Protein chains: 2
Amino acid sequence: MGHRIITVSRQFGSGGREVGKRLADVLGIAYYDREIITAVAQRSGLAEEYIASISERGISAYYPITFGHTLSYPGSIIDPQVEVISEQNKLLKSLAEKSDCLIVGRCADVVLRDYDPFNLFVYADQASKIARCQSRQAAGEQLSVNELKKRMNKVDKERARYRALVTDSRWDDPAAYHLCVNTTGWNMHALVDVLAPLVKGWFEQREK
Amino acid sequence: MGHRIITVSRQFGSGGREVGKRLADVLGIAYYDREIITAVAQRSGLAEEYIASISERGISAYYPITFGHTLSYPGSIIDPQVEVISEQNKLLKSLAEKSDCLIVGRCADVVLRDYDPFNLFVYADQASKIARCQSRQAAGEQLSVNELKKRMNKVDKERARYRALVTDSRWDDPAAYHLCVNTTGWNMHALVDVLAPLVKGWFEQREK
């Protein structure tokens, strides 16, 4: 029986990352988000060492590196994102081989399909995504509602484009997922308290 | 605070009706499926009496009428389905006024939107829907896989068409729902055991 792998795809502002992080905490498994994976894959020299450190620290390790935005990317005329995808995918597979884990973003549901992951899609209605973004903005960064809507569209479009690179399934098609959850109106703690048994139950069924 | 209303939309063969019925049982609320609602609405003279009987029997009443397919429809040159929609919608609203309840089908999520329902979408992958249909066929009715696929397409297309009559939201768009659950691989008892606390939790949040 392979490791328990959970993937989280999410709309910008829906709280998908928070759901993922809390869910990993409650289930006691490793958590990786998009930024971590991209950063590590961009410096693929680091990947081995990084994975080794995760492996040593055991399955509950959360590795709080934040060098995603400070990395310089080795010069190339090819779109760095495209170039890095193959490294990322290798990295995702290494993580899935090492331990139970939860991965946010990077189309991990598609890349890891051979590992029989539980695929979660997290979304919300626009008003609630905007309210969430507003409450989370740094003091110096008060974007207007219109600016937030633009950023939201931009990020979600980028994610859709990324998905189109690895699969032809639509990003918001329920068929790609085991569960799609609308976070509108939910307190995230309360939501994860009821989601965790559902995800656990799914793995128990699979392992029967 | 209004009643707790749950609506279930589902793909043919996904087990949505079973999920709905079990969920209503576990939560101790009234259960209505598409056939009941259609039948009652077609004989709208019956509706008052029917609703009254439900009301008398209290909120856990499940009314096992099965006259859906034996009714003769009063002659009309208008599509009977179109003609009956307004009666159905009135009936849905009466049910929502009377008690907590779970309604399968009839775009109850759209019709009852003012009642702030919890909207569930139930789906599954095609192989699992076919297996489910095969295991549930009467002995005298062994359709081939191809025949089942055709029936599946036909029913789902009818449902999409019905939805298009009452709303412009796509039938399989997660945005229309609070939760979309893929029943593939699930034992229905186990699934409802983990779904029920989630739905309950959502109402508790709403009522805070």
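The table below lists the values:
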quantity	calculated
All positions within segment A:23-36 that are among the charged types (D, E, K, R) and either under 20 Å from A:Glu204 (Cβ atoms) or not in a helix (DSSP H, G or I) (or both)	A:Asp25, A:Asp33
Qualifying residues in segment B:193-208 (those that are over 17 Å from B:Asp116 (Cα atoms) and either surrounded by 21 or more Cβ atoms within 10 Å (Cβ to Cβ) or charged (D, E, K, R) (or both)) - the one nearest to the chain's Cα centre (by Cα)	B:Leu195
Checklist (1) modelled with pLDDT of 95 or more; (2) under 19 Å from the mean Cα position of the chain (by Cα); (3) within 11 Å of chain A (Cβ to nearest Cβ) applied to B:Asp172, failing item	(1)
Some residue of segment A:6-24 being within 9 Å of the chain's Cα centre (by Cα), farther than 23 Å from A:Pro197 by Cα and either buried (at least 23 other Cβ atoms within 10 Å of the Cβ) or not hydrophobic (A, V, I, L, M, F, W, C) (or both)	no
Filtered residue count, segment A:199-208, keeping only those that are touching a Phe, Trp or Tyr at 6+ places or on another chain (Cβ under 9 Å) and facing chain B (nearest Cβ under 10 Å)	5
Yes/no for A:Arg161 being away from chain B (no Cβ under 11 Å), farther than 26 Å from A:His3 by Cα and either touching a Lys or Arg at 6+ places or on another chain (Cβ under 7 Å) or of a type in the set (D, E, K, R) (or both)	yes
Residues that are modelled with pLDDT of 95 or more and either touching an Asp or Glu at 6+ places or on another chain (Cβ under 9 Å) or not charged (D, E, K, R) (or both), drawn from segment B:190-205	B:Ala190, B:Leu191, B:Val192, B:Val194, B:Leu195, B:Ala196, B:Pro197, B:Leu198, B:Val199, B:Gly201, B:Trp202, B:Phe203
Neighbours by Cβ (under 6 Å, 6+ apart or cross-chain): first from segment B:178-192, more than 7 Å from chain A (Cβ to nearest Cβ) and surrounded by fewer than 21 Cβ atoms within 10 Å (Cβ to Cβ); second hydroxyl-bearing (Ser, Thr, Tyr) and in a helix (DSSP H, G or I)	B:Thr184/B:Ser128
In segment A:115-133, residue nearest to A:Arg151 (Cα to Cα) [restricted to those that are in contact with a helix residue (DSSP H, G or I) (Cβ under 6 Å, 6 or more places away or on another chain) and within 12 Å of chain B (Cβ to nearest Cβ)]	A:Tyr123
Residue in segment B:79-93 that is crowded, with 20+ Cβ neighbours inside 10 Å, more than 15 Å from the chain's Cα centre (by Cα) and at pLDDT 55 or above present	yes
Test: residue in segment B:125-133 that is of a type in the set (Lys, Arg) and without any contact (Cβ under 8 Å) to a residue 24 or more places away in the chain	no
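Rundown of residues vs (1) crowded, with 17+ Cβ neighbours inside 10 Å; (2) at pLDDT below 85; (3) closer than 21 Å to B:Gly20 by Cβ; (4) in contact with a helix residue (DSSP H, G or I) (Cβ under 9 Å, 6 or more places away or on another chain), yes/no style:
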{"site": "B:Ser60", "(1), (2), (3), (4)": "no, yes, yes, yes"}
{"site": "B:Ser76", "(1), (2), (3), (4)": "no, yes, no, yes"}
{"site": "B:Leu102", "(1), (2), (3), (4)": "yes, no, yes, yes"}
{"site": "B:Gly140", "(1), (2), (3), (4)": "no, yes, no, no"}
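The values are calculated or read from the model by the stated rules, or taken from the named source; none is laboratory data. Being a predicted model, the structure only gives us computed values, none of them experimental. Cβ coordinates were reconstructed from backbone atoms using ideal geometry, including for glycine residues, and neighbour counts include every protein chain displayed.
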